1. Give the residues of the stretch 141-173 that are modelled with pLDDT of 85 or more and either exposed (fewer than 13 other Cβ atoms within 10 Å of the Cβ) or hydroxyl-bearing (Ser, Thr, Tyr) (or both), sorted by residue number.
2. Scan the stretch 56-78 for residues that are under 15 Å from Glu155 (Cα atoms) and β-branched (Val, Ile, Thr) and jot them down.
3. Tell me which residues, restricted to the stretch 46-66, are of a type in the set (A, V, I, L, M) and not in a loop (DSSP other than H, G, I, E, B).
4. Could you give me the residue pairs with C-beta distances under 6 Å whose first residue belongs to the stretch 36-48 and is under 14 Å from Arg125 (Cα atoms), whose second residue is of a type outside the set (S, T, N, Q) wherever it lies, and which are 6+ apart or on separate chains?
5. Just one of (1) under 19 Å from Phe144 (Cβ atoms); (2) part of a loop (DSSP other than H, G, I, E, B); (3) not aliphatic (A, V, I, L, M) trips up Trp79, so point out which.
6. State whether the residues of the stretch 120-127 include one that is of a type in the set (D, E, K, R), modelled with pLDDT of 85 or more and in a helix (DSSP H, G or I).
7. If Ser70 passes every condition in (1) part of a helix (DSSP H, G or I); (2) free of Cβ contacts under 8 Å to residues at least 40 places away in the same chain but one, which one does it miss?
Amino acid sequence: MLLYVILVCYFSCFSVLFLSLPAAILSILGNAAVLVCAARRVTLLKAPELLTVNLAITDIGMALSMYPLSISSAFNHAWIGGDTTCLYYSLMGMIFSITSIITLAVMGMVRYLVTGSPPKTGSRRTILMVICGIWLYATLWALFPLLGWGSYGPEPFGLACSIDWTGYGESLNHATFIMTLSILCTFLPCLAIVFTYFGIAWKLHRAYQSIQSNDFQYGNIEKKITLMAVMISSGFLIAWTPYVSVSFWSMFHSQEQDHMTPLITLLPCLFAKSSTVYNPVIYFFFQRTTRQELRRLQRVMFCCSHQLNSAAEVEKAEDQMGKDTDCNIYENGTDETLPNQTERLRTHRHL
């Protein structure tokens, strides 16, 4: 039995290390590139594109705030920091995950409203207000357990923290929180995502001939943007479904939770966070402007690196020439540096 516990512990730790560490690096680099590309053309961003930027912010925020603790705990073979860091980890997870799914639901609604309509410029101010509302909504739900409604706790494998799903059967307080959270922050947004994209497919099917005859290029662009949003939303739902399923199972089978293998409890949690990795890949694949900005950024970085190397080589050569001319010693023991310095000083004063 002891050997089994040790093997389970090492399996959990190495799974987190070998899956979370590459995921963290790829997520930070990919989403940082998306944000830099967006910042370089911030004045040209259309209103719906701000939602994509918001999604990249949530992805990189999740990677920066959660992965370091999880990876450090895996190195330590136990959770680091106790209840304080567990609370912090849970708060960040709640805020960023709810913000992500609500952003995806709003993206679906926006795509539904604009699909099949003539090209027009949306209100950036309206979208920014919606984004602020999304963050406030997510923060409110994250704070409820601190205010006494529901609670946070460690995951079964001990290397992450989240909602205390097992508390569902222990008290009415936990049960009402988990059910309300599940309905308002999981099921309804998922239904909104599914129905809006079915609606988009229906509108595209009906209006395809009209779009093709009136503005073929616009129709192709719209279908491409819609496909990108569908892939991002589908990827998010696929990534989070195993974790939600295991969490709901643990709600009604809290007595059997200790008998669940790490393969069932750990891997869904790691798989859920993989959505932060592939979203940037989808952006670069479907958005030509993002690819162009990334190429420009690469050229700028290459030029800056080349200029820095050239400047360093020139400075090194000048230093070497200075040493050769100013540090020669006369045969009689006098230093040639002094007259050279005196002459340079006179020249400087004359100028």
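1. Passing the criteria: Leu147, Gly148, Ser151, Tyr152, Ser162, Leu172.
2. Hit for the stretch 56-78 is Ile71, nothing else.
3. Across the stretch 46-66, the qualifying residues are Leu50, Leu51, Val53, Leu55, Ala56, Ile57, Ile60, Met62, Ala63, Leu64, Met66.
4. Once the first residue is under 14 Å from Arg125 (Cα atoms) and sits in the stretch 36-48, its partners that are of a type outside the set (S, T, N, Q) give Ala47/Gly122; Ala47/Arg124; Ala47/Ile127; Pro48/Val110.
5. With respect to (1) under 19 Å from Phe144 (Cβ atoms); (2) part of a loop (DSSP other than H, G, I, E, B); (3) not aliphatic (A, V, I, L, M), Trp79 is out only on (1).
6. Looking for residues that are of a type in the set (D, E, K, R), modelled with pLDDT of 85 or more and in a helix (DSSP H, G or I), one finds at least one in the stretch 120-127, hence yes.
7. So the condition that Ser70 fails would be (2).
This table checks each residue for (1) crowded, with 16+ Cβ neighbours inside 10 Å; (2) assigned to a helix (DSSP H, G or I); (3) modelled with pLDDT under 80; (4) in contact with an Asp or Glu (Cβ under 7 Å, 6 or more places away or on another chain).
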{"site": "Phe198", "(1), (2), (3), (4)": "no, yes, no, no"}
{"site": "Gln217", "(1), (2), (3), (4)": "no, yes, yes, no"}
{"site": "Lys224", "(1), (2), (3), (4)": "no, yes, yes, no"}
{"site": "Met228", "(1), (2), (3), (4)": "yes, yes, yes, no"}
{"site": "Ser233", "(1), (2), (3), (4)": "yes, yes, yes, no"}
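The values are calculated or read from the model by the stated rules, or taken from the named source; none is laboratory data. This one's a predicted model, so the numbers in the text were calculated from it and none came from an experiment. Here Cβ is always computed from backbone atoms with ideal geometry, including for glycine, and neighbour counts include all displayed protein chains.
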